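Note sheet for the following structure.
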Amino acid sequence: MVQARAQQVIRCLPEEFLEFAMDVERYAEVDDKIGRFDWVHREGNLVEFKFRPAMPGLPGPAPKMVAQGRLTPGRRVDVGLAPLPRSRLWHGLMKFTASFVCEPVENGTLVTRTMTAELIPTVRWLVEPILRRNLPGNLETEMTQATAYLERHTCRD
């Protein structure tokens, strides 16, 4: 299993960051793991999207994936594979979860970003070392870019 985590204080409200994370087309501007979208559907606190993922350090293109993000208002967004029968191939390769957890702090919002991939044994030996080496730095870069994006677009002086 590979797990990576990054934290960043961002000068915005938790709700502003969480809305940014739920707007996956906008969020893709700061996350290079999100490739081109086939479609995005949002209904309330649930967003579902079909896209071509890219994992840092792994050659592409990867097969398309259908993922879901679920918002817990004011607190977090949890992301994972859409339930079967969607993303059947991905379900056969791995368990995948990600999250954005927001906590109000004095200077804005502390955002904790995590990603976890639990791969099947036949690909684990090849993929896990690459992800262990590349995913932590990728999440740090993602959070730095998210901070710059949000502070440029939502901050009030």
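Could you state the angle between the C-alpha long axis of helix 121-153 and the longest principal axis of the C-alpha atoms of the chain, as a value from 0 to 90 degrees rounded to the nearest 10?
20
Please list, in order along region 50-58, the HN-Hα scalar couplings obtained from phi with the Karplus expression 6.51 cos²θ - 1.76 cosθ + 1.60 (θ = phi - 60°), rounded to whole Hz, x for Gly and Pro.
10, 7, 9, x, 9, 9, x, x, 9
Could you please rank Trp39, Trp90, placing first whichever residue has the fewest other Cβ atoms within 10 Å of its Cβ?
Working: Trp39 9, Trp90 19.
If I rank by nearby Cβ atoms, fewest first, I get Trp39, Trp90.
Give, as ranges by residue number, the residues of region 21-58 whose backbone N falls under 11 Å from the point 7 Å along Cα→Cβ of Ile120.
none
Specify the residue with the greatest mean-square fluctuation among Gly60, Gly74, Gly35, computed from a Gaussian network of the chain linking alpha-carbon atoms under 10 Å apart.
Top of the fluctuation ranking is Gly60.
Can you tell me which of 75-82, 122-129 comes out highest on packing, and rank the rest after it, using the mean Cβ neighbours within 10 Å?
Highest to lowest by the protection proxy: 75-82, 122-129.
Show me the three semi-axes of the equivalent ellipsoid for region 2-153, from the C-alpha gyration tensor (sqrt of 5 times each eigenvalue), largest first, rounded to whole Å.
25, 18, 13
Can you give the charge dipole size of the chain about its Cα centre, rounded to the nearest 20 debye, using +1 on the beta carbon of Lys and Arg and -1 on the beta carbon of Asp and Glu?
660
Across region 23-29, in residue order, what do the Karplus-derived ³J(HN,Hα) couplings come to in whole Hz, using 6.51 cos²θ - 1.76 cosθ + 1.60 with θ = phi - 60° and x for Gly and Pro?
Using θ = phi - 60°, the values come out as 8, 4, 5, 6, 4, 4, 5 Hz.
Please turn the phi angles of region 34-46 into ³J(HN,Hα) values with the Karplus equation 6.51 cos²θ - 1.76 cosθ + 1.60 (θ = phi - 60°), one per residue in order, whole Hz, x for glycine and proline.
9, x, 4, 8, 8, 6, 9, 10, 10, 9, x, 8, 10
Once the other residues with Cβ under 14 Å from the Cβ of Ala62 are scored (Lys, Arg +1; Asp, Glu -1), what is the net sum?
Summing Lys and Arg as +1 and Asp and Glu as -1 gives +3.
All of the numbers you see were taken from the coordinates with simple rules; none came from a lab. Just so it is clear, the model here is predicted, and its values are computed rather than measured. We place every Cβ from the backbone using ideal geometry, glycine too, and count neighbours over all the protein chains shown.
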